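Read the structure below first, then the notes.
The values are calculated or read from the model by the stated rules, or taken from the named source; none is laboratory data. Here the structure is a predicted model, which is why all the values come from computation and not from measurement. Cβ: placed from backbone, ideal geometry, glycine included. Neighbour counts: every protein chain shown.
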Amino acid sequence: MNRLMKYLRDYKKESVLAPLFKLLEAFFELLVPLVMASIIDRGINAGGAGGADEGHIWRMGLCLLALAVIGLVSSITAQFFAAKAAVGFSAKLRQALFDHIQGLDFTNIDKAGTSTMITRMTSDVNQIQSGVNLVLRLFLRSPIIVFGAMIMAFTIDVKSALVFVVAIPLLAVVVFGIMIWTMPLYKKVQANLDKVLGVTRENLTGVRVIRAFHQEEVEEGRFKGFTKALADSQIFVGKISAVMNPVTYVIVNGAIIALIYIGAIQVNVGNLTQGEVVAIINYMSQILVELVKLANLIITVTKALACADRVAGVFEIRNQDRTGAGQTESISDGEASGKTPFLKFDHVSLTYAGAGAETLHDIDFTVNKGETIGIIGGTGSGKSSLVNLIPGFYPVTGGALRLEGRDIRQIPEEELRGMVGMVPQKAVLFKGTIRSNLQWGKPDATEEEMWRAIDMAQAREVVEGKRGKLEAEITQNGKNLSGGQRQRLTIARALVRSPRILILDDSASALDYATDAKLRTAIRNLEGGITTFIVSQRASSIRYADKIVVLDDGEMAGIGTHDELLQNCEVYREIYFSQYPEERLKAAGAERPGSDQTVGDGVRSEKAEEGGESHGIR
Amino acid sequence: MASDKAQKENKGRSGQMAAMRQVLRYIRRYWFMVGFSLVLAAVTVVLTLYVPILTGDAVDLLLGEGMVAFPAVFGIMKKIAIAIAVTALSQWVMNTCNNHITYHVVKDIREDAFERLQKLPLKYLDAHAYGDIVSRVVADVDTFADGLLMGFTQLFTGVLTIIGTLIFMLVTNVPIALVVVCITPVSFLVAKFIATRTYSMFKLQSEIRGEQTSLIEETVGNQKIVKTFSREEAVKSRFGEINDRLQDCSLQAIFFSSITNPATRFVNSLVYAGVGIFGAFVAIRGGISVGRLSCFLSYANQYTKPFNEISGVVTELQNALACAARIFELIDEEPQVPDGADAKVLTDARGNVALENVYFSYVPERKLIQNFNLTVKPGQRVAIVGPTGCGKTTVINLLMRFYDVDSGQIKVDGTDIRSITRGSLRTSYGMVLQETWLRSGTIRDNIRMGKTEATDEEVVQAAKAAHAHSFIKRLPNGYDTVVTEDGGSLSQGQKQLLCIARVMLCLPPMLILDEATSSIDTRTEMRIQNAFAKMMEGRTSFIVAHRLSTIQEADVILVMKDGNIIEQGNHETLLAQKGFYSTLYHSQFEG
């Protein structure tokens, strides 16, 4: 919670004024028993002689009404400032949280997990907001009433007031003791609830598999285990909080017994009047009323504190220093002069944070400007990891990656990402219009630039087929488009910024062969030349690349053109023949694996495979 | 419109009644405890009201200097002490009972809901958003629990307190009591007035919150893309704009609703002042003793409290009932037709599968599968091809009996599958789907899912057959690595390998492979195909795949279009037919 306090700083005035007006309200409320005592002693029993003073009763009665009105005004004022501070605080907190999450690097995003981030930003922050609001309004009011009552008691009779001095610390111990005890228990309850949620969701997403394996009863058993743990923890914590009310009740009423006793003695001696005893007892009952309120609030506050912890946890996620990971190297003189390669992977390796083993090991190759690089390899061979290094999404942990001789760790993030057009595996669009989505690539893109990108991405028919063209509405995650349509638009989005480096991370998988081929031709014919990386499992997609990097288990198994690799790279041959079984026979027969003849056939059979998919897009 | 709204309200009310009845049915199991708790509540209330009377009596004895009757005061003190002790005890026991009842009712409801979930037809589950169902089982039940607990404890004691106080006041002094009775309802009205005024603001607030949540979901869920395009600032400012609106609206909603307390407290003060003034005059005329007046005052101080609580409880209860209604909607959902008592348990199926005159559609207006006939002999390999949406997956849904046919029948080994237990039918098929799903737990448990008694040795064998062993070995804890809900750090391909291993382990007599290798690279796939081929030997298998190499070797290729089988045969005969399949095949060679 302390960590979050700074978001309240802008509402200092409100945070002070709210309790201040509460103080005022409490003060006037504390005057009430005194006025009442005066009614009894000077109105009813005026002078103890039995004569009544009706005028005094009226005056004091009006006084009570005036106190009520003043109390109302000051408490409404207090509520306003409290609400303003609490709402302002949570708005600031939410924004800060969102900004913080926006600033996280990829390593942290992997760790964070979307659904918990969402609950933290929504329900957790809301809980904290009500917590702050209540604290400002009532957590301060209660101590004020409690201590105020004690002080008032002192002004009436010191001996009676000593009862307050004993009772109040006792009450504090009970209330705060239970709060401190239950706080971690509530967290446990929350964790158990999360488990129930987890297993429920799992059962919905996996319903087919569960039923296929006839696991319904097993799952019911698991669920019952979780709900039992939840109920047990809830009942346990409930038992403890259930102690609070009875114990405070006993303390306060015990104090009242003591007050009667002391009052009896003091009245007998003549130190106190009847009305004053009533006032003192009144003060004690006021404390009880306050405590009941407090007890009900404590649960809210305890929950808010637990939520505050969770939110503070998000702020604790810090990015690693980008330049600090591994030592950076400056350009060696030899390379700087004349022949600096556009992009150089210099014995690069990558170990993800927390991972046991290297994902990429000793990747070493150079890329010239305008070249098309194909990257192929098996599942989990590190293809995506490799291209993710280029925009600096993950820090290189060994060796160096140099762009025109500069270590990319020394290039500002903004500049680096501005150069790269990335088409990710998952084709995701955002709520808005086609135009607003393309503006992601380049905020100030002109109409012309957009259409040019759309054409290159073979997406003209998609856009023109939509009502409103560029203004066509796109729903959340682009759900109102098919996979293929989304994919083309994500490609257009990357192209609209005219990137120097274009990365297609297995992005053409939802495109049929012909579109895929047209796309590649369009990119190749681009003026100025984009350096393009194509990650794919399809040999056909990278077949014509200037260089093909073959990855196997995080290591380079080969590099070269298609023909070269067919000659000398076993892994590539295996991949290729697994997709073109006929080729293997021909290759075996002719012993000329790279001949034009076989390649033509290969492409054909690939196209045949895509048939089903291309239908699927529409 | 107006009548529409009225109807809706009516429906809402009757729905609430129905929900209430259901809740009572759940509570009935704990009737003894409920009764006990009610008795304790009564005891608590009566004693709580009695203590101020005793205190007042004691005050009456403190007449003045030298006029205090100590023995009488001591007697009263003793009484108060006993009353306090009993009150505290019964209050504690009551709270504990209520906790017990509430959390057990909640547990019962959750378990029933989950049990129903396991029995609901996929038709229902496919048509409802998972998030919605999850929030019913988790969040709604929780809100309901809070409301129930609060309602249970406060409603009853609140009503009792009001009645008890009224009786006391009327017995002691009717005129002063009337003052209290007349002014108190004002606080009720004030609270109600404010509540109706703030309702629209709260509604607006939840709308804006919804907007904000979907923005968070979209951007945080796709954080990497946001970063890739350096859109952080743009997204932040959009968030800020919504956040500002939320702040304005929340401030109003919270402020206006928080006026309720001061306002009712003000009414309370009025009552207090009224009792004070009026009571003083009555006291002067000897109508009431000072002690009783002080007791009256302490009642006046607390009398409005139960009123406010009850109005709070009523909204809380309404909310709770609304949530309960949502859960019961789920629990009352028609379950799938249960397995008949005479349903056959399918063991060692030979793999004779026949579809006869099968008609099926998800929605009656959109016809899908019509008059589908197919006979598969044991050990045959059936491939299904066709454009997306043609009904390939539907056929699998029917074979597995995830959905029942509208008319016609599907037979396995000559028995209509509707007279076979679902469990035995489904476990006779080994199914690998394109969508991979892993249960949170260890890798080993996941592989062992279909055959829980499998030895570690067998698990490793299956993993090796699925080519999953090598990557599992490299995981931090090998086979004991815990995977989270959605498979966590495993890649799509690795998850698919695990799903294949799962089937490899239990080796059922029939197989269904729906795009089973779509996420696996071709090289690994080729190796797995060998394992599949071995597995498929002698087993009836249904394969949906894009890769022609698998399809070409099938005994029967079904070409589907718009829910119909338009062609049927093997690769050669189909090509020779020069029909849709052949066009599908040859069209690829152009362009």
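A single entry from B:V432, B:V395 fulfils the requirement of being touching a residue at least 60 places away in the same chain (Cβ under 8 Å) and within 11 Å of chain A (Cβ to nearest Cβ): B:V432.
Quick grid of which residues meet (1) farther than 21 Å from A:E574 by Cα; (2) surrounded by 18 or more Cβ atoms within 10 Å (Cβ to Cβ); (3) within 11 Å of chain A (Cβ to nearest Cβ); (4) at pLDDT 80 or above:
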{"position": "B:M510", "(1), (2), (3), (4)": "yes, yes, no, yes"}
{"position": "B:L513", "(1), (2), (3), (4)": "yes, yes, no, yes"}
{"position": "B:R539", "(1), (2), (3), (4)": "yes, yes, no, yes"}
{"position": "B:S549", "(1), (2), (3), (4)": "no, yes, yes, no"}
{"position": "B:V559", "(1), (2), (3), (4)": "yes, yes, yes, yes"}
{"position": "B:N570", "(1), (2), (3), (4)": "yes, no, no, yes"}
{"position": "B:Q577", "(1), (2), (3), (4)": "yes, no, no, yes"}
{"position": "B:T583", "(1), (2), (3), (4)": "yes, no, yes, no"}
{"position": "B:S587", "(1), (2), (3), (4)": "yes, no, yes, no"}
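If I filter the stretch A:496-513 for residues that are at negative phi, modelled with pLDDT of 75 or more, crowded, with 18+ Cβ neighbours inside 10 Å and assigned to a helix (DSSP H, G or I), do I get at least one hit? Taking every residue of the stretch A:496-513 in turn, none turns out to be at negative phi, modelled with pLDDT of 75 or more, crowded, with 18+ Cβ neighbours inside 10 Å and assigned to a helix (DSSP H, G or I). Out of all the residues in the stretch A:214-246, which are closer than 24 Å to B:A81 by Cα and more than 7 Å from every other protein chain (Cβ to nearest Cβ)? Passing the criteria: A:I240, A:S241, A:M244. A count restricted to the stretch A:217-234 and to residues that are within 30 Å of A:V289 (Cβ to Cβ) and surrounded by fewer than 19 Cβ atoms within 10 Å (Cβ to Cβ) stands at 0.
Go through the residues of the stretch B:279-286 one by one and say whether even a single one is assigned to a helix (DSSP H, G or I), more than 7 Å from every other protein chain (Cβ to nearest Cβ) and touching a residue at least 60 places away in the same chain (Cβ under 8 Å). Scanning the stretch B:279-286 turns up at least one residue that is assigned to a helix (DSSP H, G or I), more than 7 Å from every other protein chain (Cβ to nearest Cβ) and touching a residue at least 60 places away in the same chain (Cβ under 8 Å). Note on the stretch B:346-365: residues that are in a strand (DSSP E or B) and free of Cβ contacts under 8 Å to residues at least 12 places away in the same chain total 1.
Assess whether B:S230 counts as being touching a helix residue (DSSP H, G or I) at 6+ places or on another chain (Cβ under 9 Å), hydroxyl-bearing (S, T, Y) and either crowded, with 17+ Cβ neighbours inside 10 Å or under 30 Å from A:A494 (Cα atoms) (or both). It is true that B:S230 is touching a helix residue (DSSP H, G or I) at 6+ places or on another chain (Cβ under 9 Å), hydroxyl-bearing (S, T, Y) and either crowded, with 17+ Cβ neighbours inside 10 Å or under 30 Å from A:A494 (Cα atoms) (or both). Could you tell me whether A:V209 is without any contact (Cβ under 8 Å) to a residue 60 or more places away in the chain and crowded, with 21+ Cβ neighbours inside 10 Å? So A:V209 fits the description; yes.
Could we say that B:L317 is assigned to a helix (DSSP H, G or I), more than 14 Å from chain A (Cβ to nearest Cβ), aliphatic (A, V, I, L, M) and closer than 30 Å to B:Q22 by Cβ here?
Yes, satisfied.
Scanning the stretch B:205-226 for residues being of a type in the set (G, A, S) and at the interface with chain A (Cβ under 7 Å from one of its Cβ atoms) gives a total of 2.
Can we say A:I376 is modelled with pLDDT of 80 or more and within 14 Å of chain B (Cβ to nearest Cβ)? Answer is yes for this residue. Residues in the stretch B:103-157 that are of a type in the set (G, A, S) and at the interface with another protein chain (Cβ under 10 Å from one of its Cβ atoms): B:A113, B:A129, B:G131, B:S135, B:A139, B:A145. Of all the listed residues (A:N268, A:N253), the sole one being in a helix (DSSP H, G or I), within 30 Å of A:D41 (Cβ to Cβ), at the interface with chain B (Cβ under 9 Å from one of its Cβ atoms) and out of contact with any helix residue (DSSP H, G or I) (no Cβ under 6 Å at 6 or more places or on another chain) is A:N268.
Consider B:R285 carefully, then state whether it is surrounded by fewer than 18 Cβ atoms within 10 Å (Cβ to Cβ) and under 30 Å from B:M169 (Cα atoms). If you could, list the steps in order and put the result at the bottom.
Details: surrounded by fewer than 18 Cβ atoms within 10 Å (Cβ to Cβ): yes; under 30 Å from B:M169 (Cα atoms): yes.
Against the criterion (surrounded by fewer than 18 Cβ atoms within 10 Å (Cβ to Cβ) and under 30 Å from B:M169 (Cα atoms)), B:R285 qualifies.
Is it the case that B:T442 is surrounded by fewer than 21 Cβ atoms within 10 Å (Cβ to Cβ), out of contact with any helix residue (DSSP H, G or I) (no Cβ under 9 Å at 6 or more places or on another chain) and of a type outside the set (G, A, S)? Judged against the criteria, B:T442 is not a match.
Which members of the stretch B:162-195 meet the condition of being closer than 30 Å to B:I254 by Cβ and buried (at least 16 other Cβ atoms within 10 Å of the Cβ)? The answer is B:I162, B:I183, B:T184, B:V186, B:S187, B:F188, B:V190, B:A191, B:I194, B:A195.
For (1) under 34 Å from the mean Cα position of the chain (by Cα); (2) modelled with pLDDT of 80 or more; (3) among the small types (G, A, S), each residue gets a yes or a no:
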residue	(1), (2), (3)
B:S289	no, yes, yes
B:N301	no, no, no
B:F307	yes, no, no
B:G312	yes, no, yes
B:N319	yes, no, no
B:V345	yes, yes, no
B:A349	no, no, yes
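In the stretch A:258-273, the count of residues that are surrounded by 21 or more Cβ atoms within 10 Å (Cβ to Cβ) and at pLDDT below 85 is one or more. Selection of the stretch B:82-95 for residues being of a type outside the set (A, V, I, L, M) and facing chain A (nearest Cβ under 7 Å) yields B:T87, B:Q91, B:W92, B:N95.
In summary, helices (runs of 4 or more DSSP H) completely within the stretch B:380-447 and bearing 2 or more residues that are of a type in the set (D, E, K, R) and within 22 Å of B:D342 (Cβ to Cβ) occur at B:422-427.
To keep it simple, each residue is scored yes or no on (1) away from chain A (no Cβ under 14 Å); (2) surrounded by 17 or more Cβ atoms within 10 Å (Cβ to Cβ); (3) at pLDDT below 90.
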| position | (1), (2), (3) |
| --- | --- |
| B:S3 | yes, no, yes |
| B:N10 | yes, no, yes |
| B:P71 | no, no, yes |
| B:I80 | no, yes, no |
| B:C97 | no, yes, yes |
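Of all residues in the stretch B:247-271, which are more than 7 Å from every other protein chain (Cβ to nearest Cβ), aliphatic (A, V, I, L, M) and farther than 30 Å from B:F296 by Cα? Matches in the stretch B:247-271: B:A253 only.
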